[in-house]
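What follows is one structure encoded as structure tokens, with my remarks underneath.
The values are calculated or read from the model by the stated rules, or taken from the named source; none is laboratory data. Treat the numbers as computed from the prediction; the structure is a model and nothing was measured. Glycine gets a Cβ as well: all are built from the backbone with ideal geometry, and neighbour counts include every protein chain shown.
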Amino acid sequence: MLRIPCPCCGPRDHDEFRYGGDASVPRPAHDDPDPEAWYRAVFIRPNPRGPHREFWQHVSGCRQWLVVERNTSDHTIGSVQFARKSPA
Amino acid sequence: MARYSALSLFLNGLSGNRNWPRAWRAPEPKPSYDVVIVGGGGHGLATAFYLAENHGIRNVAVLEKGYLGGGNVGRNTTIVRSNYLLDGNTQFYEFSMKLWEGMSAALNFNVMFSQRGQIVTAHSADQLDSFSHRANVMRLSGIDAEILTRDDVRRLVPYLDFSETARFPIHGAILQGRAGTARHDAVAWGYARAADGHGVDIIQNCEVTGFVRDGERIVGVETSKGRIGAGKVGLAVAGHTSVLGHKAGLELPIESHVLQAFVTEPLKPMVDHVVAYGADHFYVSQSDKGGLVFGGSLDGYNSYAQRGNLGIVREVAEAAVALMPCISRVRLLRHWGGVMDMTPDASPIICPTPVDGLYLNGGWCYGGFKATPASGWCFAHTIATGKPHPLVAAYGLDRFRSGRTLDEAGAGPFAWLQ
């Protein structure tokens, strides 16, 4: 099983979390009129085989959004931070 | 290529089946080919076959990093159907269905295509309305579709939950009678044998590690068996499209996710159709060996591991028992995972790429197996002519930038929710 060490609740089964996708994709400023920037933010993904920074929300626990660095080929977790303290 | 027939079966039987020739050769790679197809799964092998068969391009190699058919063509739940709603999908998948109907004869290889019919259950009046919409689109496109009442469904598949306590009572269903299943390994083997018969080199245990460029143009591939020159390169490596695409400098709207499939212990014949559950994500058929073969949703997070997690095992088992309470005591024999290219609109990508000399076939999400023949046919056309086949005109990479996405599921641009 995949366990995520929640910085608030400790190690928990990933079933308690909701996945939120790639956390490394920069979001354009809200008033950015450039369609290319929005196209890239909405659709283009690096999709690495290896370390991947991604959002998870601990919906069945503290309900915090986290940024987890997880290896997509073997699921080892490198780091977990609160999303709001993490640089975008 | 020795032709398979009832007579050859009889004659080889007389000699104890010791003299069957190899189904395909195991050549060493030549220094260069007109076309190199990366990926020896169903789509890559079908592409090589149609390049030779339809376009006369026989100086072709298919490079497979593992063994032939060891990826998703051997990992799916073998379902073939053409019940698509959106323009672009409807015609493409029906063309594929027609190729399935002639495949065993065309390849001289029995792919055990069984048109047993697919039933998708509806669990509300509104859902049945939406199925009627779909059925009308299909029939107007010349595809068979029927709407079934609850009584019809009960007559065809009495083992579903028709009790008063069913959590989601069955209101009716949509049936495509020509849908069914095929022996997935045989599809890979049949295309491999037929392509080899046309002179295509199928090279296994040959991993592509990079691309050779002449200026901007790709003119070959670096592999674990050395450099191989290529007039054109076609990628058919769904699951790992991003990994290879990156090496070629492509930026892609794809995430890799793991999808699990399951098989139970063998049972007496019970499930005569392909049945899909309209109230959850669950689809089941019964194999010739008697096992119930079924699947559900993605695990739901980016993954290149060909194994899944237990949470989905539970979810799929819950859906299975909600639809078919009679199998609650049946034991699972195996479950396995395959890596899916998930696109943001759940539709595939077949097109020339911005990189000169490189052609892309990927993004198959859940739907690659049923598309195998049409994908090969249209990808071969795209490679041979340099222009997309009309049937895959809607599957270009540019659709995401231009806003013409084909979002059949209406799930929004989240790959893991498709």
Does the range B:229-249 contain any residue that is in contact with a Pro (Cβ under 9 Å, 6 or more places away or on another chain), surrounded by 24 or more Cβ atoms within 10 Å (Cβ to Cβ) and assigned to a loop (DSSP other than H, G, I, E, B)?
yes
At least 2 residues that are farther than 22 Å from B:Ala319 by Cβ and of a type in the set (D, E, K, R) in each: list the strands (runs of 3 or more DSSP E) lying fully within the range B:136-221 that qualify.
B:208-214
Note on the range A:16-41: residues crowded, with 17+ Cβ neighbours inside 10 Å and more than 13 Å from the chain's Cα centre (by Cα) are A:Glu16, A:Arg40
For B:Trp377, state whether it is within 14 Å of another protein chain (Cβ to nearest Cβ), part of a helix (DSSP H, G or I), crowded, with 18+ Cβ neighbours inside 10 Å and within 19 Å of the chain's Cα centre (by Cα).
no
I need the full set of residues from the range A:33-74 which are more than 8 Å from chain B (Cβ to nearest Cβ), part of a loop (DSSP other than H, G, I, E, B) and closer than 27 Å to B:Gly363 by Cβ, in order please.
A:Asp34, A:Gly50
Matching residues in the range B:380-418 - criterion: being part of a helix (DSSP H, G or I) and within 14 Å of another protein chain (Cβ to nearest Cβ):
B:Arg399, B:Phe400, B:Arg401, B:Ser402, B:Ala415, B:Trp416, B:Leu417
Among what's in the range B:340-367 and is within 12 Å of the chain's Cα centre (by Cα), under 19 Å from B:Ile312 (Cβ atoms) and not hydroxyl-bearing (Ser, Thr, Tyr), pick the residue that is modelled with the lowest pLDDT.
B:Gly367
Total residues in the range B:1-45, condition more than 12 Å from B:Gly234 (Cα to Cα) and assigned to a helix (DSSP H, G or I):
10
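Name the residue, out of B:Leu323, B:Leu333, B:Leu292, B:Leu310, that is more than 29 Å from B:Glu251 (Cα to Cα) and without any contact (Cβ under 8 Å) to a residue 12 or more places away in the chain. Step through it out loud before you land on a result.
On the way: B:Leu323 fails: without any contact (Cβ under 8 Å) to a residue 12 or more places away in the chain; B:Leu333 fails: without any contact (Cβ under 8 Å) to a residue 12 or more places away in the chain; B:Leu292 fails: without any contact (Cβ under 8 Å) to a residue 12 or more places away in the chain.
It is B:Leu310.
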Taking into account only those residues within the range B:82-106 that are of a type outside the set (A, V, I, L, M, F, W, C) and free of Cβ contacts under 8 Å to residues at least 40 places away in the same chain, which is farthest from B:Ser375 (Cα to Cα)?
B:Gly102
Does B:Ser256 satisfy the criteria of being buried (at least 16 other Cβ atoms within 10 Å of the Cβ), of a type in the set (S, T, N, Q), within 14 Å of chain A (Cβ to nearest Cβ) and part of a strand (DSSP E or B)?
yes
Kindly list, by first and then second residue, each pair from a residue in the range A:7-30 that is more than 9 Å from chain B (Cβ to nearest Cβ) and closer than 20 Å to B:Leu252 by Cβ to a residue that is among the acidic types (Asp, Glu) and buried (at least 16 other Cβ atoms within 10 Å of the Cβ), limited to pairs with Cβ atoms under 9 Å and residues at least 6 apart or on different chains.
A:Ala23/A:Glu54; A:Ala23/A:Glu69; A:Ser24/A:Glu54
Looking only at the range B:201-228, count every residue that is within 14 Å of B:Tyr359 (Cβ to Cβ) and surrounded by fewer than 16 Cβ atoms within 10 Å (Cβ to Cβ) and tell me the total.
1
